[in-house]
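The values are calculated or read from the model by the stated rules, or taken from the named source; none is laboratory data. Here the structure is a predicted model, which means the values were calculated and not measured. All Cβ positions, even for glycine, are placed from backbone atoms using ideal geometry, and neighbour counts span all protein chains on display.
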Amino acid sequence: MQIVYYYAIMSIMNRYSGTKINLLLKTWPKGAVAVSSWLNEQGIYRQLIQSYQKSAWVNSIGGGAFVRSDDEINWTGALFAIQSQLRLPIHAGGKTSLQLEGFAHFLPLGKGTDVFLFGSVGVRLPAWFKSYHWENRIHYTATNLFTDVKEGLTKIKTDNLSITISSPERAIMEVLHLFPNRGSFEEGRLLFEGLTILRPGLVQTLLEKCTSVKVKRMFLYLADDCGHAWRKKLDLSRIDLGKGRRELVKGGNLNVRYNIMVPRKPTL
């Protein structure tokens, strides 16, 4: 009698588990990582997760992070979870954003390339993200580059997932922020040449809220050098450019307007 009762209970539990996994798969986007807290919100708790792992429905990619067993994931699926499930203020920015939005055709995009993520000071990437072997080289920068952490961010759909990235106006400033450790002056100039349609209103706002004198001076120097139409609509009187000289490159020329040392231009 006890054996019959045991198998009856197991049968009910299996049907319950099967129903729950079917409901879960309907709300779990393909290509996305699912974290424990989000699974709990869906009514999927630890014992049920363990059951799904044993049944080969889900796989763990680190502490508290899971993927569907029939799925392939990349960094975008992980960033989706970081943003929409963990609600951490981390976004794709810099060259990565410019690539995703088609402003950096000369830079490769795909497996094996560098991916640049940004977050506020004190915000850390989850341990499971840092320990997982992604097919891209991930570079994370925690910085208070802007006084408003949300200014200049936008959403795009990639791999059928909606993620937050920097707008081109913000992304190029993030590129300059990483100079010279993760980028050259020449690369910054090449990227700038393609930014012909930036929104001057947003550029103005970002420059006013930017905390880096180096970034603001370098941005304006390159804007002058490229001669894009939107540059004429900026009001420099509202932008704090600081005091003193900034030596962006050694052995360069002094740009008197912004008091920065810039690369020497080749003589013909």
Restricting to helices (runs of 4 or more DSSP H) lying wholly in the stretch 153-238: which have 2 or more residues that are in contact (Cβ under 8 Å) with a residue 12 or more places away in the chain and either among the hydroxyl-bearing types (Ser, Thr, Tyr) or over 19 Å from Val256 (Cα atoms) (or both)? 168-177, 185-193, 200-209
Mind listing whichever residues of the stretch 84-111 are assigned to a loop (DSSP other than H, G, I, E, B), at pLDDT 95 or above and within 20 Å of Ile73 (Cβ to Cβ)? Gln85, Leu86, Arg87, Leu88
Against the definition (within 14 Å of the chain's Cα centre (by Cα) and crowded, with 16+ Cβ neighbours inside 10 Å), how does Ile44 come out, yes or no? no
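Could you go through the stretch 214-223 and let me know if any residue there is in the same structural domain as Thr113 (by TED's automatic domain parsing) and either at pLDDT below 95 or under 20 Å from the mean Cα position of the chain (by Cα) (or both).
Within the stretch 214-223, one or more residues are in the same structural domain as Thr113 (by TED's automatic domain parsing) and either at pLDDT below 95 or under 20 Å from the mean Cα position of the chain (by Cα) (or both).
Would you mention how many residues in the stretch 130-148 are touching a strand residue (DSSP E or B) at 6+ places or on another chain (Cβ under 9 Å) and within 24 Å of Thr205 (Cα to Cα)? Spell out the reasoning first.
Our first condition is that a residue be touching a strand residue (DSSP E or B) at 6+ places or on another chain (Cβ under 9 Å); within the stretch 130-148, this holds for 130-132, 134, 136-143, 145-147.
Of the ones still in play, those that are also within 24 Å of Thr205 (Cα to Cα) are 141-143, 145-147.
Result for the stretch 130-148: 6.
Filter the stretch 56-83 down to the residues that are of a type in the set (Gly, Ala, Ser), surrounded by 13 or more Cβ atoms within 10 Å (Cβ to Cβ) and touching a helix residue (DSSP H, G or I) at 6+ places or on another chain (Cβ under 8 Å) and list them by number.
As a first pass, look at the stretch 56-83 and keep what is of a type in the set (Gly, Ala, Ser): 56, 60, 62-65, 69, 77-78, 81.
Right, trim to surrounded by 13 or more Cβ atoms within 10 Å (Cβ to Cβ) and you get 60, 62, 64-65, 77-78, 81.
Once the filter is applied, which keeps residues that are of a type in the set (Gly, Ala, Ser), surrounded by 13 or more Cβ atoms within 10 Å (Cβ to Cβ) and touching a helix residue (DSSP H, G or I) at 6+ places or on another chain (Cβ under 8 Å), the stretch 56-83 yields Ser60, Gly62, Gly64, Ala65, Ala78, Ala81.
Just for the stretch 112-129: of the residues that are over 16 Å from Thr143 (Cα atoms) and part of a loop (DSSP other than H, G, I, E, B), which one is modelled with the lowest pLDDT? Steps first, please.
Initially, the stretch 112-129 is screened for residues over 16 Å from Thr143 (Cα atoms), giving 112-115, 126-129.
Pick out the ones that are also part of a loop (DSSP other than H, G, I, E, B) and you get 112-113, 126.
On the way: Gly112: 76, Thr113: 88, Pro126: 98.
This residue is Gly112.
Residues Leu195, Leu190, Leu254: which one is in the same structural domain as His139 (by TED's automatic domain parsing) and modelled with pLDDT of 95 or more? Give the steps one after another, and end with the answer.
Details: Leu190 fails: modelled with pLDDT of 95 or more; Leu254 fails: modelled with pLDDT of 95 or more.
Result of the check over Leu195, Leu190, Leu254: Leu195.
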Condition check: in the same structural domain as Cys210 (by TED's automatic domain parsing), of a type outside the set (D, E, K, R), touching a Ser or Thr at 6+ places or on another chain (Cβ under 9 Å) and closer than 25 Å to Ala223 by Cα. Does Phe118 satisfy that? yes
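So which of Gly183, Gly244, Gly227, Gly201 is within 18 Å of Ser167 (Cβ to Cβ) and out of contact with any strand residue (DSSP E or B) (no Cβ under 6 Å at 6 or more places or on another chain)? Spell out how you get there, then give the answer.
Numbers: Gly183 fails: within 18 Å of Ser167 (Cβ to Cβ); Gly244 fails: within 18 Å of Ser167 (Cβ to Cβ); Gly227 fails: within 18 Å of Ser167 (Cβ to Cβ).
Only one candidate qualifies: Gly201.
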